[in-house]
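**Student:** Below is a structure I'd like to ask you about.
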Amino acid sequence: SLCAAAEPNVSYQELKDLKKANVLHIDVRERWEIDRFGKIPESINIPLGELMEALQMDPTEFKEQYNQKMPSKSDPVVFSCLAGTRSKQALGFATSLGFS
């Protein structure tokens, strides 16, 4: 299940379309889940337990750790997980940190 603030749930096709518009896709599953079930192309994996810290990192540190430019608070971001529970939590975390 995928989550976006404006639209709480997006379909796989909507995500594919969003990715064409340079939306950052953060997969909040654990690393073992990525190993077991596979990585979603063009997503970055930040397990939910690391997300609050990651979204508050210095942009240089974020780039070094996740090999991706850190999103600004106004950049479009989509969170995903296995069933939708963690992606909704991730959305709440990001919103609480001032991400729109």
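**Student:** Of everything in region 81-100 that's farther than 18 Å from Ser11 by Cβ and touching a strand residue (DSSP E or B) at 6+ places or on another chain (Cβ under 7 Å), which residue is most open to solvent (accessible area, probe 1.4 Å)?
**Tutor:** Among residues in region 81-100 that are farther than 18 Å from Ser11 by Cβ and touching a strand residue (DSSP E or B) at 6+ places or on another chain (Cβ under 7 Å), the one most open to solvent (accessible area, probe 1.4 Å) is Phe99.
**Student:** Further question: Which pairs have Cβ atoms under 7 Å, sit 6 or more apart or on different chains, and link a residue in region 24-47 that is within 12 Å of Asn67 (Cα to Cα) and free of Cβ contacts under 8 Å to residues at least 60 places away in the same chain to one that is surrounded by fewer than 17 Cβ atoms within 10 Å (Cβ to Cβ) and among the hydrophobic types (A, V, I, L, M, F, W, C)?
**Tutor:** Close Cβ pairs (under 7 Å, with a partner that is surrounded by fewer than 17 Cβ atoms within 10 Å (Cβ to Cβ) and among the hydrophobic types (A, V, I, L, M, F, W, C)) amount to Asn45/Ile34.
**Student:** If a residue must be modelled with pLDDT of 90 or more, over 12 Å from Pro76 (Cβ atoms), surrounded by 13 or more Cβ atoms within 10 Å (Cβ to Cβ) and of a type in the set (A, V, I, L, M, F, W, C), how many such residues does region 1-47 contain?
**Tutor:** Final tally of qualifying residues: 4.
**Student:** Check off (1) open to solvent by less than 30 Å² (accessible area, probe 1.4 Å); (2) more than 15 Å from Val10 (Cβ to Cβ); (3) not aromatic (Phe, Trp, Tyr) for Val78 and give me the number that stays unchecked.
**Tutor:** (2)
**Student:** Okay, next question. Of all residues in region 49-75, which are part of a helix (DSSP H, G or I), open to solvent by less than 60 Å² (accessible area, probe 1.4 Å) and not acidic (Asp, Glu)?
**Tutor:** Residues satisfying the conditions are Leu51, Ala54, Phe62, Tyr66.
The values are calculated or read from the model by the stated rules, or taken from the named source; none is laboratory data. A quick note: this is a predicted structure, and the numbers were derived from the prediction, not measured. Ideal geometry is used to build each Cβ from the backbone, glycine not excepted, and the neighbour counts take in all protein chains shown. Accessible surface areas use protein heavy atoms only, side chains included; no ligands, DNA or RNA. Shrake-Rupley method; radii C 1.70, N 1.55, O 1.52, S 1.80 Å.
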